[in-house]
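Have a look at the structure below, then the notes.
The values are calculated or read from the model by the stated rules, or taken from the named source; none is laboratory data. In this text the structure is predicted, and so the values were computed from the model without any measurement. Cβ placement follows ideal geometry from the backbone for every residue including glycine, while neighbour counts extend to all protein chains displayed. We work out accessible area using only protein heavy atoms, side chains counted, and drop any ligands, DNA or RNA first. Shrake-Rupley method; radii C 1.70, N 1.55, O 1.52, S 1.80 Å.
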Amino acid sequence: MPTIFTRIINGEIPCHRIHADEHVFAFLDIAPLSRGHALVVPREERAMLHELSDASAAALGRALPRVARAVMAATGASHYNILQNNGALAHQAVPHVHFHVIPRFPDGSGLGIRWESRSLDAADGAALAARIAAALGS
Ligand code: AMP
């Protein structure tokens with residue numbers, strides 16, 4: 001079953017399109033957190049970011065600042081958040097990679113953030129950094 005975003009990309013479901021290239025498609029979110037809230041989606045249908053091909057990842061990296069610039073220019077916003085959810089626990093509803101571009105306005109509209117930071121244990125931090133670096137092959 002194609003995802004709803006693949007169906008949008010294929011033109012089966014309408015959207016307010018703002019960008020399309022070989023690897024990337026972007027359109028306005030149907031339930032925006034603020035005016036200009038947009039979604040940037042790879043044509044490649046993968047649920048999570050780490051599953052993407054390098055080609056899609058590179059194209060997303062190129063498209064995101066361009067879309068952000070255009071959304072800011074069109075809305076007059078000067079602050080914004082980029083949000084990218086992976087998995088239901090991380091608030092992902094549509095299992096097709098997407099980046100939210102969410103303008104933040106002085107009236108408070110935009111992404112609400114709960115940022116409950118903890119302190120990093122030095123020993124655990126050292127062990128964890130070594131494990132992650134090893135997994136990266138760095
Ligand atoms: P997430 O929670 O990161 O998976 O976000 C999915 C986003 O997709 C939500 O912000 C929805 O409002 C948006 N969305 C779902 N269906 C559509 C649609 N047909 N057109 C535009 N945006 C959509």
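Once backbone amide H atoms are built at 1.01 Å from N, VAL24 has ARG43 as its partners under 5 Å, excluding neighbours fewer than 5 places away on the same chain. Each residue of the range 106-121 was assigned a 3J(HN,Hα) from its phi angle through the Karplus expression (A = 6.51, B = -1.76, C = 1.60, θ = phi - 60°), giving x, 6, x, 6, x, 7, x, 10, 9, 10, 9, 6, 10, 8, 7, 6 Hz with x at Gly and Pro.
Taken as Cα centroids, the range 93-110 and the range 5-79 sit 11 Å apart, rounded to the nearest whole angstrom. Taking all protein chains in place and a 1.4 Å probe, what share, in percent, of the accessible surface of the range 1-132 do carbon and sulfur account for? Solvent-exposed carbon and sulfur of the range 1-132 make up 57 percent of the total.
Using a Gaussian network model of the chain in which every pair of alpha carbons under 10 angstrom is joined by a spring, one finds that among GLU12, GLU44, GLU116 the greatest mean-square fluctuation is at GLU116. Relative to the longest principal axis of the Cα atoms of the chain, helix 122-136 runs at roughly 60 degrees.
For the range 90-138, trypsin sites (Lys or Arg not before Pro) meeting the loop criterion (DSSP other than H, G, I, E, B) and having at most 15 other Cβ atoms within 10 Å: ARG114, ARG118. Seen against the Cα atoms of the chain and their longest principal axis, helix 54-75 is set at about 60 degrees. Checking the a/c ratio against 1.5 first, then a/b against b/c, what shape does the Cα gyration tensor give for the range 64-138? The shape class here is prolate.
On a per residue basis, the chain carries 66 Å² of accessible surface, using protein heavy atoms and a 1.4 Å probe. How would you classify the chain from its alpha-carbon gyration tensor, with a ≥ b ≥ c the square roots of the eigenvalues: rounded for a/c under 1.5, else prolate if a/b is greater than b/c, otherwise oblate? Here the chain falls in the oblate category. Working from Cα pairs under 8 Å separated by at least six residues, relative contact order for the chain is 23 percent. Ranking VAL67, LEU39, LEU52 by how far each Cα lies toward the positive end of the dipole of the range 32-107 (charges on Cβ) leaves VAL67 at the top.
Summing charges over all other residues whose Cβ lies under 14 Å from the Cβ of ASP21, with Lys and Arg as +1 and Asp and Glu as -1, gives +2.
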